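The values are calculated or read from the model by the stated rules, or taken from the named source; none is laboratory data. Keep in mind that this is a model prediction, so the values were computed, not measured. Because the Cβ atoms are built from the backbone with ideal geometry, glycine has one as well, and the counts that use them run over all protein chains shown. Protein only, heavy atoms only, side chains kept; ligands, DNA and RNA dropped before computing areas. Shrake-Rupley method; radii C 1.70, N 1.55, O 1.52, S 1.80 Å.
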Amino acid sequence: LPNPNASKAYSDRKEHLKVRKGDTLTSILLAAGVPKVEVLGAINSLRTVYNPRDLKIGNEINLVISHDNRLKELQLDPTAVRKISIHKDANSTFRVFDTKRLLTRHTVFAKGSIQSSLYKAAMNKNVPPAVLSELIRIYSWDVDFQREIQREDAFEVAYERFIDDEGQIARNGGILFSKLVLSGQPKALYRFKIRPGRTEYFDQNGRSAKRPLLRTPIDGARLSSRFGKRRHPVLGYTKFHRGV
């Protein structure tokens with residue numbers, strides 16, 4: 001005899017959604033067609049382990065919705081190591097499960113020759129943008145990336161990568177070692193743990209990568225004052241301001 005539940009199982013709808021700017025968990029579920037009473041029940045269950053206001057842009061949400069738009073399952077991964085799921089039991093009560101993923105740490109090495117820009121050379125070797133940004137940051141005290149990068153220069157970088165229990169990349173970690181070869185001169189940096197929770201980078205002679213001044217401007221800087229007349233903060237009279 002045919003299984004009477006087969007047609008119902010095949011009618012379940014699966015939704016794979018990504019949180020966008022302005023989204024809330026309520027708005028996402030309502031937009032998926034879930035009735036308001038179901039939305040409230042799911043969110044109340046979720047609040048026992050997770051604050052829905054902590055939802056971030058880019059978070060992924062997986063839904064299983066029945067043929068009559070009832071929410072059967074919700075899965076949310078708020079971080080790379082955390083998995084939260086809500087399931088409806090036989091009594092139509094939402095049960096929430098909060099689990100941690102086991103991540104395996106790998107070391108990834110990439111090297112390449114710079115023909116037009118460090119960015120293009122790194123992208124050609126599949127270096128993640130976040131790792132490249134960190135590479136530029138740790139060299140920003142010693143290298144002027146706008147003027148010192150030349151054709152045929154080279155880079156090397158070894159960084160951490162964490163793989164989840166499904167074999168997928170969960171996230172990329174910090175840089176362990178890096179080297180820039182600029183005009184034939186190698187500049188290598190090594191990561192060293194100074195104390196728990198704090199690491200810095202040093203060259204082969206043990207000198208810190210940090211300097212009193214940056215040679216490369218960094219994102220996040222702002223102009224505190226523009227050129228022009230302004231009231232002098234000490235002398236009290238108006239004079240022409242010539243600096244930034």
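Summary table below
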| item | result |
| --- | --- |
| Residue within the range 97-106 that is modelled with pLDDT of 90 or more and part of a loop (DSSP other than H, G, I, E, B) present | no |
| Residue within the range 160-181 that is open to solvent by 50 Å² or more (accessible area, probe 1.4 Å) and in contact with a helix residue (DSSP H, G or I) (Cβ under 7 Å, 6 or more places away or on another chain) present | yes |
| Considering residues of the range 19-36 that are surrounded by 12 or more Cβ atoms within 10 Å (Cβ to Cβ) and assigned to a loop (DSSP other than H, G, I, E, B) only, the residue farthest from the chain's Cα centre (by Cα) | Pro35 |
| Single residue of Leu103, Leu74 found to be in contact with a helix residue (DSSP H, G or I) (Cβ under 8 Å, 6 or more places away or on another chain) and at negative phi | Leu74 |
| Matching residues in the range 142-181 - criterion: being without any contact (Cβ under 8 Å) to a residue 40 or more places away in the chain and under 19 Å from the mean Cα position of the chain (by Cα) | Gly167, Gln168, Ile169 |
| Whichever residue in the range 66-81 is under 17 Å from Lys18 (Cβ atoms) and in a strand (DSSP E or B) and, among such residues, is nearest to the chain's Cα centre (by Cα) | Thr79 |
| Selection status of Ile194, modelled with pLDDT under 90, hydrophobic (A, V, I, L, M, F, W, C) and out of contact with any helix residue (DSSP H, G or I) (no Cβ under 9 Å at 6 or more places or on another chain) | yes |
| Residue that is surrounded by the fewest Cβ atoms within 10 Å (Cβ to Cβ) [pool: residues in the range 37-57 that are of a type in the set (A, V, I, L, M, F, W, C) and assigned to a helix (DSSP H, G or I)] | Val37 |
| Any hit, the range 64-83, residues being modelled with pLDDT under 90, open to solvent by less than 50 Å² (accessible area, probe 1.4 Å), small (Gly, Ala, Ser) and closer than 30 Å to Glu156 by Cβ | yes |
